[in-house]
1. Here is a list of conditions, (1) open to solvent by less than 70 Å² (accessible area, probe 1.4 Å); (2) small (Gly, Ala, Ser); (3) at positive phi, and residue 112 meets all of them except one; can you say which number that is?
2. What about residue 87, is it out of contact with any Ser or Thr (no Cβ under 9 Å at 6 or more places or on another chain), closer than 22 Å to residue 27 by Cβ, among the acidic types (Asp, Glu) and without any contact (Cβ under 8 Å) to a residue 60 or more places away in the chain?
3. Take the stretch 102-117 and flag every residue that is of a type in the set (Lys, Arg) and modelled with pLDDT of 90 or more.
4. If the requirement is being buried (at least 16 other Cβ atoms within 10 Å of the Cβ) and farther than 24 Å from residue 107 by Cα, which of these qualifies: 69, 42, 75?
5. Does residue 59 count as open to solvent by 70 Å² or more (accessible area, probe 1.4 Å), closer than 16 Å to residue 96 by Cα and more than 12 Å from the chain's Cα centre (by Cα)?
6. Being over 13 Å from residue 39 (Cβ atoms) and surrounded by 13 or more Cβ atoms within 10 Å (Cβ to Cβ) is the filter here; which residues of the stretch 84-95 pass it?
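The values are calculated or read from the model by the stated rules, or taken from the named source; none is laboratory data. Worth saying up front: this structure is predicted, and the values here are computed from it rather than measured. Cβ coordinates were reconstructed from backbone atoms using ideal geometry, including for glycine residues, and neighbour counts include every protein chain displayed. The protein model used for the area step is the full one, side chains on, heavy atoms only, and it has no ligands, DNA or RNA in it. Shrake-Rupley method; radii C 1.70, N 1.55, O 1.52, S 1.80 Å.
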Amino acid sequence: MKPHLTAFVLLTMSAASPTFAAETGCPMGPGKILMQAEVYDGPVDDNAMLAPDSSSGTASKGKNRFDVGGVYAQGRHVVLGCHYKGEAKPVFVEIKTKVKTCEQSFDPKAGGSLTCR
């Protein structure tokens with residue numbers, strides 16, 4: 001296959017599927033404001049969204065902690081759903097490297113973060 005055709009095929013394939021990033025948290029960068037995030041036990045299509053194991057702060061500004069070691073002990077992996085201000089589609093991050101916890105901070109004005117270790 002010719003190089004320019006290969007690039008076209010790859011771009012076309014990636015445009016048709018959900019966006020996945022190779023990170024251990026929701027990707028952050030200039031202009032990216034994380035407004036909402038979810039932690040999933042396995043593929044997003046399974047709809048197995050996890051509830052936090054502990055929380056602190058208030059409902060509008062605080063922190064959540066997810067203990068996810070058991071997900072990996074069962075042979076599955078964590079997927080993060082990252083929703084950014086001004087972006088219609090979320091970014092999904094598959095965390096295939098074994099992690100024990102994910103920590104989320106949220107603030108409606110400054111945005112938030114979600115990282116796993």
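1. Here residue 112 meets the rest and fails (3).
2. Values: out of contact with any Ser or Thr (no Cβ under 9 Å at 6 or more places or on another chain): yes; closer than 22 Å to residue 27 by Cβ: yes; among the acidic types (Asp, Glu): yes; without any contact (Cβ under 8 Å) to a residue 60 or more places away in the chain: yes.
Spelling it out, residue 87 is indeed out of contact with any Ser or Thr (no Cβ under 9 Å at 6 or more places or on another chain), closer than 22 Å to residue 27 by Cβ, among the acidic types (Asp, Glu) and without any contact (Cβ under 8 Å) to a residue 60 or more places away in the chain.
3. Start the filter on the stretch 102-117 by keeping residues that are of a type in the set (Lys, Arg), which leaves 109, 117.
Once the filter is applied, which keeps residues that are of a type in the set (Lys, Arg) and modelled with pLDDT of 90 or more, the stretch 102-117 yields only 117.
4. It is 42.
5. On the way: open to solvent by 70 Å² or more (accessible area, probe 1.4 Å): yes; closer than 16 Å to residue 96 by Cα: no; more than 12 Å from the chain's Cα centre (by Cα): yes.
Against the criterion (open to solvent by 70 Å² or more (accessible area, probe 1.4 Å), closer than 16 Å to residue 96 by Cα and more than 12 Å from the chain's Cα centre (by Cα)), residue 59 does not qualify.
6. Passing the criteria: 84, 87, 91.
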